[in-house]
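Here's the structure we're looking at; comments come further down.
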Ligand code: GLU
């Protein structure tokens, strides 16, 4: 029997009905078998059993009043997963699909992602089943204030520093920050992704998408390829997708498709990003509107953006959006590289299809770490009460992404796993956290 199989079975038993959490843990533990063999001291110190159990899980009621004067009740979460190498750090997700299992899967992945950045940040995640879609600004503000009224008791600049994720952008961070400051009479860097006039960092908004492209660029460069002249399909049209598209274009690639949860647009001559920014960032509308800007673009209802032929595919929407069938279609259409901008967008079966067919595969934990890395740079600037220029932050981000690629590919090689960046990223991310946990001992 494999060394970590019992740990996995315990996770399933102790966390029933949380399939996304099981999926995230299984992938990591499978990668870590070779580490457990080489490091019996980590097995003995219970590092594996400890790392799959959150240090603290907070669940709370979030009551708020809608525009019709009715009381609404949502559920809030903050999972403080691991603080071995720094304060808990990770985003807040507002989406109706949110429940404890989703926050735990995201918080668990965040431990390794944050470790890979090389910066001193632990892993955490939070959010709510609140659906921001179609809500007025006042309703969003009321919800955010109520959410922060409870969350403020559990976070702090040296304890836990939340940020955005799906459904939480600049507007929400503003309302959350305002409420925190009101309650605490304290202006600190307790959240990242702040506005530029009140402690935010340049490049934070662009960072996840840009960082994804820097990572994928490194990965394909190692095989003699580049974005220049490549046809790229991106799923999603939120913050990650938009700035991934922007960087692909800057690097000489052509983005021909984007999507949202309703459908996808195909614009064969290349997406007009100004139109997309207007639709999504200003008007907060659906991607379907794009056809009003470009009559030669095609909108298709439903999933299936991966049916469009491309060289490089960047899934930037949400978990498990790419299944085995989608992966087979991408392979059949000649796609040679996939980079995960979202968290866990490819199912294990899809990843296997890519790996079996020699598709270069960049796992989210490594490839989308640019967002949280730039959040850590925001924390750094807040501590110094200083700010760097766009070029300075962008250069740091680029170097961090290169470093993550190097650490992941070297870890894979060191453990005899060739080009397997999934395993490499898990191992490199784990080792640093494990060493810290080991050094800090167990309180008993
Ligand atoms: N939500 C992003 C992530 O998945 C960013 C988190 C942060 O900046 O703290 O990594």
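For segment 14-25, give me the residue count where each residue is over 14 Å from residue 346 (Cα atoms) and surrounded by 15 or more Cβ atoms within 10 Å (Cβ to Cβ).
Result for segment 14-25: 5.
Rundown of residues vs (1) farther than 29 Å from residue 171 by Cα; (2) out of contact with any helix residue (DSSP H, G or I) (no Cβ under 7 Å at 6 or more places or on another chain); (3) free of Cβ contacts under 8 Å to residues at least 24 places away in the same chain, yes/no style:
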position: 12; (1), (2), (3): yes, no, yes
position: 24; (1), (2), (3): yes, no, no
position: 36; (1), (2), (3): yes, no, no
position: 40; (1), (2), (3): yes, yes, yes
position: 77; (1), (2), (3): no, no, no
position: 81; (1), (2), (3): no, no, no
position: 85; (1), (2), (3): yes, no, no
position: 90; (1), (2), (3): no, no, no
position: 96; (1), (2), (3): no, yes, no
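Quick one: which of 191, 176 is part of a loop (DSSP other than H, G, I, E, B) and either closer than 21 Å to residue 342 by Cα or within 16 Å of the ligand (Cβ to nearest atom) (or both)?
Answer to the selection: 191.
If I go through segment 140-157 residue by residue, how many of them are surrounded by fewer than 24 Cβ atoms within 10 Å (Cβ to Cβ) and either in a helix (DSSP H, G or I) or away from the ligand (no atom under 15 Å from the Cβ) (or both)?
Residues in segment 140-157 being surrounded by fewer than 24 Cβ atoms within 10 Å (Cβ to Cβ) and either in a helix (DSSP H, G or I) or away from the ligand (no atom under 15 Å from the Cβ) (or both): 10 in total.
Against the condition in a strand (DSSP E or B), within 16 Å of the ligand (Cβ to nearest atom) and within 25 Å of residue 189 (Cα to Cα), how does residue 81 come out, does it pass?
Yes, satisfied.
Anything in segment 37-68 that is farther than 12 Å from residue 426 by Cβ and assigned to a helix (DSSP H, G or I)? List them, or say none. Before the answer, list the steps.
Step one: of segment 37-68, the residues farther than 12 Å from residue 426 by Cβ are 37-50, 52-68.
Listed by number, the residues that qualify are 37, 38, 40, 41, 42, 43, 44, 47, 48, 49, 50.
Got a sec? Which of 193, 211, 170 is out of contact with any strand residue (DSSP E or B) (no Cβ under 8 Å at 6 or more places or on another chain), crowded, with 22+ Cβ neighbours inside 10 Å, at pLDDT 95 or above and under 30 Å from residue 314 (Cβ atoms)?
Numbers: 193 fails: out of contact with any strand residue (DSSP E or B) (no Cβ under 8 Å at 6 or more places or on another chain); 170 fails: crowded, with 22+ Cβ neighbours inside 10 Å.
The unique qualifying residue is 211.
Here are some residues: 285, 277. Which one is assigned to a loop (DSSP other than H, G, I, E, B) and either touching a helix residue (DSSP H, G or I) at 6+ places or on another chain (Cβ under 6 Å) or more than 16 Å from the ligand (Cβ to nearest atom) (or both)?
The unique qualifying residue is 285.
Please go through segment 84-122 and give me each residue that is within 15 Å of the chain's Cα centre (by Cα) and in a loop (DSSP other than H, G, I, E, B), ordered by number.
95, 98, 117, 121
Look at residue 165 and say whether it is away from the ligand (no atom under 13 Å from the Cβ) and either surrounded by fewer than 17 Cβ atoms within 10 Å (Cβ to Cβ) or at pLDDT 95 or above (or both).
Numbers: away from the ligand (no atom under 13 Å from the Cβ): no; either surrounded by fewer than 17 Cβ atoms within 10 Å (Cβ to Cβ) or at pLDDT 95 or above (or both): yes.
No: the conditions fail for residue 165.
Give the residues of segment 377-393 that are within 16 Å of the ligand (Cβ to nearest atom) and touching a helix residue (DSSP H, G or I) at 6+ places or on another chain (Cβ under 8 Å), sorted by residue number.
377, 393
Among 362, 366, which is the only one that is under 29 Å from residue 193 (Cβ atoms) and touching a strand residue (DSSP E or B) at 6+ places or on another chain (Cβ under 6 Å)?
Working: 366 fails: touching a strand residue (DSSP E or B) at 6+ places or on another chain (Cβ under 6 Å).
Answer to the selection: 362.
Could you tell me whether segment 100-113 includes any residue that is more than 14 Å from the ligand (Cβ to nearest atom), within 22 Å of residue 403 (Cα to Cα) and touching a residue at least 24 places away in the same chain (Cβ under 8 Å)?
Within segment 100-113, not a single residue is more than 14 Å from the ligand (Cβ to nearest atom), within 22 Å of residue 403 (Cα to Cα) and touching a residue at least 24 places away in the same chain (Cβ under 8 Å).
So residue 366 clears everything in (1) part of a helix (DSSP H, G or I); (2) away from the ligand (no atom under 16 Å from the Cβ); (3) under 18 Å from residue 222 (Cβ atoms) except one condition, right? Which one?
(2)
Test residue 249 against the stated conditions and say whether it is outside any loop (DSSP other than H, G, I, E, B) and free of Cβ contacts under 8 Å to residues at least 60 places away in the same chain.
Considered against the rule, which asks whether it is outside any loop (DSSP other than H, G, I, E, B) and free of Cβ contacts under 8 Å to residues at least 60 places away in the same chain, residue 249 comes out as yes.
The values are calculated or read from the model by the stated rules, or taken from the named source; none is laboratory data. Since this is a predicted model, take the numbers as computed values, not measurements. Don't worry about glycine lacking a Cβ; one is built from the backbone with ideal geometry, like all the others, and counts go over all protein chains shown.
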